[in-house]
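Asks: One structure follows; several queries about it will come next.
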Amino acid sequence: MKRLLLVSHRPIDQAGGPAARWRSFAKHLPTLGWEVDVVSGRGGDEFASPARAQARAKVMETLGRIATPVFRTAGLRPEAMPLSTAWAPRGAAHVRRRLRDQHYDAVLATAPPFAALIAARMGHGDVPLVVELRDLWAGNPAFDRGGPVLRRLESWVVKDAAAVIAVTPEAADDLRRRHPGARIEEIANGFEPELLEKRRPSSGTTIIHSGTLTKDRPLAPLLRALKPPLKLVLHGYVAPEIWAEIAVSGADVEIVPPSGWEDAVERIAAADVALITQSRGAGDETAVAAKVYEYLALGKPVLCLSDGGATEALLRRLDADQLSARLGNEPSVEAALARIIAGELPSTVPRERLALYERPRQAEQLMGVLESLWS
């Protein structure tokens, strides 16, 4: 068995969706000859406690509003340097200690949170470093306001990496443009194959959004057009700005607190249509939310509200974009909702077209990257 040291500020045994990718890889990689050990922060499992998840998100929203003027002068958004960044020196010390006490064939840092990249870059020594950017860092409008800080930090990390993994073609192209000479690989987000067995017919008018809704992903265009018999379920954290949009809309909206991954899957499977909202201002030009792959695996038609970007492109490649609508184009939103009311839902994406996104296959891709470090 070869040995991989994974550096992730978020513990991968958390119940929530953000840890699902590496919960899965840690399960599948040993069958491919790679044992996985983890260095992570010690934070509690916020997704096992909805109240804790809600409280943490509200605190971060408040801190972000207070810190915005200071960060703006540095060309950053507060989200670029969350409180977790302070973990990086301690994380680096843990990485050095592990590498001193045991043998590892590679170190892989996954982000966000981006503290893991800094910790691994500071601590990996002579062991090959692989960097995984599930969201872009520098140049991402969710974090970057055009200042030099993130660009220099990202360059410092990437220059020392044997390989960099992106999760969409758009993100991989962006990294290749900004880091010529770096080895950039693409391993998409995906889903567990057992989700395919949970598919249920969609014939009603309940729309679900599962995940976080931030102020950068406006819901107002949908709320203005939402009329009976349509019902919207928002499962996860909802930013105060979105709450305000809901309050003035009068639409039929049920809000369910954040919960663990398994509960989220059951709620999606029980709904009729799955909603994803995307905005270039939130960094979505190069990102596809992990939930989209689970929506598709569960056989749900996807109502995609966006101003273009990677999610819309993915749905188009899979011939699953019939319910796509433009954020700034209310007639397109109304037309998509009219199709749902009329029962004119797109066909379920065939399993064989989703095979590329099954996590065991993606673990094989990752194993290939790791093996190539020694070829």
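The values are calculated or read from the model by the stated rules, or taken from the named source; none is laboratory data. The structure displayed is predicted, hence computed values, not measured ones. Cβ placement follows ideal geometry from the backbone for every residue including glycine, while neighbour counts extend to all protein chains displayed. With ligands, DNA and RNA removed, areas are computed over all heavy atoms of the protein, side chains included. Shrake-Rupley method; radii C 1.70, N 1.55, O 1.52, S 1.80 Å.
Asks: Quick one: length gained pulling GLU364 to ARG42 fully straight, 0.36 nm per residue minus the C-alpha distance?
Replies: 113.0 nm
Asks: On to the next question. For the chain, what is the mean residue ellipticity at 222 nm derived from helices alone (per DSSP H run of n ≥ 4: -39500 (n - 2.57); sum divided by total residues; nearest 500 deg cm²/dmol)?
Replies: -12000 deg cm²/dmol
Asks: Tell me, what ³J(HN,Hα) does each residue in the range 193-204 have, in order and in whole Hz, if you take phi through Karplus 6.51 cos²θ - 1.76 cosθ + 1.60 with θ = phi - 60° and put x for Gly and Pro?
Replies: Result, ordered by residue: x, 5, 5, 4, 7, 9, 4, 10, x, 10, 9, x Hz.
Asks: Spin-label point model (7 Å from Cα, Cβ direction): what's the ASP263 to GLU194 distance in nm?
Replies: 1.9
Asks: In whole Hz, what ³J(HN,Hα) sequence does the range 141-146 give by Karplus (6.51, -1.76, 1.60; θ = phi - 60°), x for Gly and Pro?
Replies: Residue by residue, the range 141-146 yields x, 5, 10, 10, 9, x Hz.
Asks: To continue, here is another question. Roughly how many Å² is the accessible area per residue of the range 141-190, as a whole number, for a 1.4 Å probe?
Replies: Roughly 45 Å² per residue, with all protein chains present.
Asks: Next question. If I build a Gaussian network model for the chain, linking alpha-carbon pairs within less than 10 angstrom, which residue out of HIS103, HIS209, HIS94 has the largest mean-square fluctuation?
Replies: HIS103
Asks: Express the accessible area of the range 247-339 per residue in Å², computed with a 1.4 Å probe while the remaining protein chains stay in the model.
Replies: Ligands and nucleic acids excluded, the result is 33 Å² per residue.
Asks: Let me ask something additional. Quick check: the distance between the Cα centres of the range 311-360 and the range 222-265, to the nearest angstrom?
Replies: Answer, in whole Å: 20.
Asks: Near LYS2, which lysines are there with a Cα under 23 Å away, not counting those fewer than 8 places off in the same chain?
Replies: LYS2 reaches LYS27.
Asks: Which residues' amide hydrogens lie under 5 Å from the amide hydrogen of LEU275, considering only partners 5 or more residues apart or on another chain, with H built in the peptide plane?
Replies: Long-range HN contacts for LEU275: ILE208, HIS209, SER210, LEU303.
Asks: For the chain, modelled as a GNM with alpha-carbon contacts under 10 angstrom, which of LEU175, LEU108, LEU83 fluctuates the most?
Replies: LEU83
Asks: Considering amide H positions built from the backbone, and no H for Pro or chain starts, which residues 5 or more places from ILE165, or on another chain, come under 5 Å of its amide H?
Replies: Answer set, sorted by chain and number: VAL131, GLU132, LEU133, GLU185.
Asks: Which value results when the Cα radius of gyration for the chain is divided by 2.2 N^0.38 Å?
Replies: The value comes to 0.98.
Asks: Please turn the phi angles of the range 240-249 into ³J(HN,Hα) values with the Karplus equation 6.51 cos²θ - 1.76 cosθ + 1.60 (θ = phi - 60°), one per residue in order, whole Hz, x for glycine and proline.
Replies: In residue order, the calculated couplings are x, 5, 6, 3, 5, 4, 5, 4, 8, 7 Hz.
Asks: A further question on this structure: Ignoring ligands, DNA and RNA, what percent of the 1.4 Å accessible area of the chain is carbon and sulfur?
Replies: Taking all protein chains in place, the chain shows 53 percent carbon and sulfur surface.
Asks: Quick check: residue separation of ILE341 and TRP156 times 0.36 nm, minus the Cα distance between them. What number comes out in nm?
Replies: 61.4 nm
Asks: Residue separation times 0.36 nm, minus the C-alpha to C-alpha distance between ASP13 and GLN102: what's the value?
Replies: Net length gain for the segment: 29.8 nm.
Asks: In a shell of Cβ-Cβ distance under 9 Å around GLN278, excluding GLN278 itself, what net charge do Lys and Arg (+1) and Asp and Glu (-1) give?
Replies: -2
Asks: Nearest 5 is fine: what % of DSSP beta bridges in the chain come out antiparallel, could you say?
Replies: Given both bridge residues lie in the chain, the antiparallel proportion sits at roughly 0 percent.
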